[in-house]
Structure formats: C-alpha cells, structure tokens
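Here is the structure we will look at.
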Amino acid sequence: TFLVLFLMGSLAVSAQSSRYTEAMAKQTSDLDSSSTFNPENLQQKSNTFERIAEAEKTQWLPYYYAAYMQIMQAFMSKDKSQIDPLTEKASANLDKAEALISKNSEIACLRSLVASAKLSVDPMTRGAVYGPEAAAQLVTAKTLNPENPRVYMLEGQALLYTPEQWGGSKTKAKTALELALTKFAAFKPESNISPKWGEAYTRSLLQNAS
C-alpha cells in the first residue's frame, strides 16, 4: 500500500511539474519578439505569470517574469503617473523571487531596471538617488555572474542613453554591447525557461551606437 501511494504521489508531482514547465515555456517563448512589447500583451503576460506564481509558490521564475513584464510596461507607459505603481508591483515580485533564490544576477539586473524606470519619471530630481542605485545593482549582477550577457546589455544601454555630461558615451556603449553579444553567444541557460532574453534588443542598441 505504501509503495502504491508513493508511486501515485510521485506521478502527481511529475504531472504538476510538467504542467508548470509547459506553461512557462509557452509564456517565455516570445520574450524577444517585438509583438510582445505592447501594453495589452505585457499586461496579459504579467497577469499570467502572477497566476503561475500563485499556483507554484516554490518557483522563483514566475515572480521574476511577472516583474520583467511590469518593468517593460513602466518603460512603455506614456502616462508617467503609472510608472511608480508598476515599478512597486515589480519590486514586490522581485522580493518574492529573491526570498526563493538569493544572490541572483538576473534579479539584480531587473532591480537595476526598476531604478532606471523610477528615474525616468523626473531625471532632474530623482537622478541623484536612482542613478547610483541602477549602477550599483549592475555591479552586483556582474559580481554574482560575470558571464550574464544582460549585465553588459544594460550597461551599454545606460551609456548610450545617458548624456555625455553625465557620463554617457556612444563609444563606450558600443564596446559594452559588443561584449554583451559575445556573452550571449557563449551563454547557456540553466533550462528552457531560464532567462535568455535580450540578444535581439542588444543588436538594435548596437545599431544606434554605431
């Protein structure tokens, strides 16, 4: 009887794990597609990842991807009053992700983007706080995993779009973005649902830096 119950339990766990992986693979398959990046699709994906997170409370990736979608919504929002609420939601999801997996380079990258989004609301008054925070999170991300290509992509993006008088540089941006592409070529995600987004965007940034 014990053996039968054990096997039934194992099969149930396996089926649940398979459903989770399939659901996540479906939602993450198009994260480098330009068609994903409109407010309606980002909101839909954000909601879906949060539903998966609530069903799979021991998995950090759904919280991570929900935060990523919310951060992208913040950057795309034409209404600056929506940026802070969206980044607060993203930060809450990142806190939940970090409670499940600490010292993670991918999470640090998203925290850098949260700070950049908050800065964009009012660069003149927020720059002194959120500029250093965005940079510090990238330093953390690089320390945790120097092979993470998204670190160098975000460094290049920051250099490209920061005015020269504040430390920006197209030349330095190009160097960082070229390094990011080298890192992307060598990067091996831990699984088919692990973070791997950013290569297509890096190439578009590099065109702007050239």
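The values are calculated or read from the model by the stated rules, or taken from the named source; none is laboratory data. It should be emphasised that the depicted structure is a prediction, and the values quoted were computed from it without experimental measurement. Backbone-built Cβ (ideal geometry, glycine too); neighbour counts: all protein chains shown. Each accessible area value is taken on the protein alone, full model and side chains, heavy atoms only, with ligands, DNA and RNA left out. Shrake-Rupley method; radii C 1.70, N 1.55, O 1.52, S 1.80 Å.
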_Relative contact order (%) - the chain, alpha-carbon pairs under 8 angstrom, separation at least six_ = 15
*If you find the alpha carbon centre of segment 19-42 and of segment 136-199, how far apart are they in angstrom?*
22
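How about segment 66-125: which trypsin sites (Lys or Arg not before Pro) there are in a DSSP loop, with at most 11 other Cβ atoms within 10 Å of their Cβ?
K78, K103
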*Considering the options S120, A186, A200, tell which one lies farthest towards the positive end of the dipole of segment 82-210, charges being +1 on Lys and Arg and -1 on Asp and Glu at the Cβ, about the Cα centre.*
A186
*Which distance in nm do the two modelled labels at V121 and M76 give, with both placed 7 Å along the Cα-to-Cβ direction?*
2.1
*Enumerate the residues in segment 111-152 having an amide nitrogen under 20 Å from the point lying 7 Å beyond the Cα of D95 toward its Cβ.*
111-119, 130, 133-134, 137
*Specify the longest stretch of the chain that does not include any exposed loop site, a site being one of the GluC sites (Glu not before Pro) with a non-H, G, I, E, B DSSP assignment and at most 15 other Cβ atoms within 10 Å.*
1-146
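With a cap of 14 neighbouring Cβ atoms within 10 Å, and only residues DSSP puts in a loop, list the trypsin sites (Lys or Arg not before Pro) found in segment 21-75.
Numbers: sites: K26, K45, R51, K57; in loops: K57.
In loop regions of segment 21-75 (DSSP not H, G, I, E or B), the sparsely surrounded trypsin sites (Lys or Arg not before Pro) are K57.
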*With a probe of 1.4 Å, find how much accessible area the chain has per residue, and write the answer as a whole number in Å².*
55
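With a sphere of radius 15 Å drawn around the Cβ of V151, what net charge do the other residues whose Cβ falls strictly inside it have (Lys, Arg +1; Asp, Glu -1)? Walk me through the intermediate numbers first.
Details: positive: K103, R111, K142, R150, K172, K183, K196; negative: E106, E147, E155, E178, E199.
That sum, taken over residues with Cβ under 15 Å, equals +2.
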*Per the Debye formula with a single identical scatterer at each Cα and no solvent contribution, what log10 I(q)/I(0) holds for the chain at q = 0.14 Å⁻¹?*
-0.85
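Please list the helices of the chain that count as membrane-span-like by this rule: a mean Kyte-Doolittle hydropathy of at least 0.0 together with Cα atoms stretching 27 Å or more along the helix axis, each helix being a complete DSSP H run.
Details: long enough: 2-28 (39 Å, 0.56); 123-144 (31 Å, 0.19).
Result, helices passing both filters: 2-28, 123-144.
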*Residue-span extension gain [K170 to A200] - 0.36 nm each, minus C-alpha spacing*: 8.9 nm
